[in-house]
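Values in this text are rule-based calculations from the coordinates and carry no lab data. Since we're looking at a predicted model, the values are computed, not measured. Neighbour counts are summed over all protein chains in view; Cβ atoms, including those assigned to glycine, are modelled from backbone coordinates with ideal geometry.
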Amino acid sequence: MNIILLGPPGAGKGTQARKLVEKRGMVQLSTGDMLRAARSSGTAMGKRVAEVMDRGELVTDEIVIDLIEERLEGETGAGVIFDGFPRTLAQADALEELLARTGQPLKAVIEMRVDDEALVRRVTGRYTCADCGEVYHDETRPTKTPGKCDVCGSTDLRRREDDNAESMRQRLMEYYKKTSPLIGYYHAKGLLHPVDGLGSVDEVEAAITAILDAV
């Protein structure tokens, strides 16, 4: 079952993707992670990626699609979660063509809806364990022991430099301009399933589970 997690930055897509990986055995495809891995791989594709990034240019949609196709080869497990891709209508069309060509259709697009101001509060209080990736929040989910990850015990807890109110509002504007048209695109295809992203992690997980069990 291939799905897309759609929603603005800070909506909780990464957290829910990890839940799906853990409980359903799905594979999370984060384009950022794939690009970083490709760049350091030494493969022909990796060299293409490195050349573009070293020039300070954005990696083209064609390269990203090629990376996804390479990653999908031989994938016969519980399905793939697309996290951070597609971001534009052109990318959505390219992904649809790829999935049709490989016989791995998209089953659902989960749209995580969260109020803008709630997103700003959520993101500005967020920090992550650099070792295991566990996500925390100053108000809603602090570590049990200050400065120490509950999961792996690491003391390397970090905040993203752009996790501030001004940067967050700029990122939201970019999302609305470029990515929000995907909501109508996937609604027209009968694939869109909205969930309330303001619920607790468990509540959002339960809503997503109900959707996936029904499709």
Residues in segment 56-73: is at least one farther than 30 Å from Gln16 by Cβ and surrounded by fewer than 16 Cβ atoms within 10 Å (Cβ to Cβ)?
-> yes
What single numbered condition from (1) farther than 25 Å from Ile183 by Cα; (2) buried (at least 17 other Cβ atoms within 10 Å of the Cβ); (3) of a type in the set (Gly, Ala, Ser) fails to hold for Ala17?
-> (1)
Since Gly77 meets every condition but one in (1) assigned to a loop (DSSP other than H, G, I, E, B); (2) of a type in the set (Gly, Ala, Ser); (3) more than 21 Å from Gly14 (Cα to Cα); (4) touching a residue at least 24 places away in the same chain (Cβ under 8 Å), which condition does it not meet?
-> (3)
Condition met for Leu192 (out of contact with any His (no Cβ under 7 Å at 6 or more places or on another chain), touching a residue at least 60 places away in the same chain (Cβ under 8 Å), over 30 Å from Asp93 (Cβ atoms) and surrounded by 14 or more Cβ atoms within 10 Å (Cβ to Cβ)) | no
Contacts under 7 angstrom Cβ, first residue in segment 171-188 being surrounded by 13 or more Cβ atoms within 10 Å (Cβ to Cβ), partner assigned to a helix (DSSP H, G or I) and small (Gly, Ala, Ser), 6 or more apart = Leu182/Ala92; Tyr185/Ala92
Flag if Arg24 is in contact with a strand residue (DSSP E or B) (Cβ under 6 Å, 6 or more places away or on another chain), touching a residue at least 24 places away in the same chain (Cβ under 8 Å), of a type in the set (D, E, K, R) and surrounded by fewer than 18 Cβ atoms within 10 Å (Cβ to Cβ) = no
Could you say which residue among Leu106, Leu157, Leu95 is in contact (Cβ under 8 Å) with a residue 40 or more places away in the chain and of a type in the set (A, V, I, L, M, F, W, C)?
-> Leu106
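Take the residues in segment 80-109 that are of a type in the set (A, V, I, L, M) and part of a helix (DSSP H, G or I); name whichever of them is farthest from the chain's Cα centre (by Cα). Full working, then the answer.
Within segment 80-109, the subset of a type in the set (A, V, I, L, M) is 80-81, 89-90, 92, 94-95, 98-100, 106, 108-109.
Then keep just the ones that are part of a helix (DSSP H, G or I); that gives 89-90, 92, 94-95, 98-100.
Working: Leu89: 17, Ala90: 18, Ala92: 15, Ala94: 18, Leu95: 15, Leu98: 19, Leu99: 18, Ala100: 22 Å.
Within segment 80-109, the match that is farthest from the chain's Cα centre (by Cα) is Ala100.
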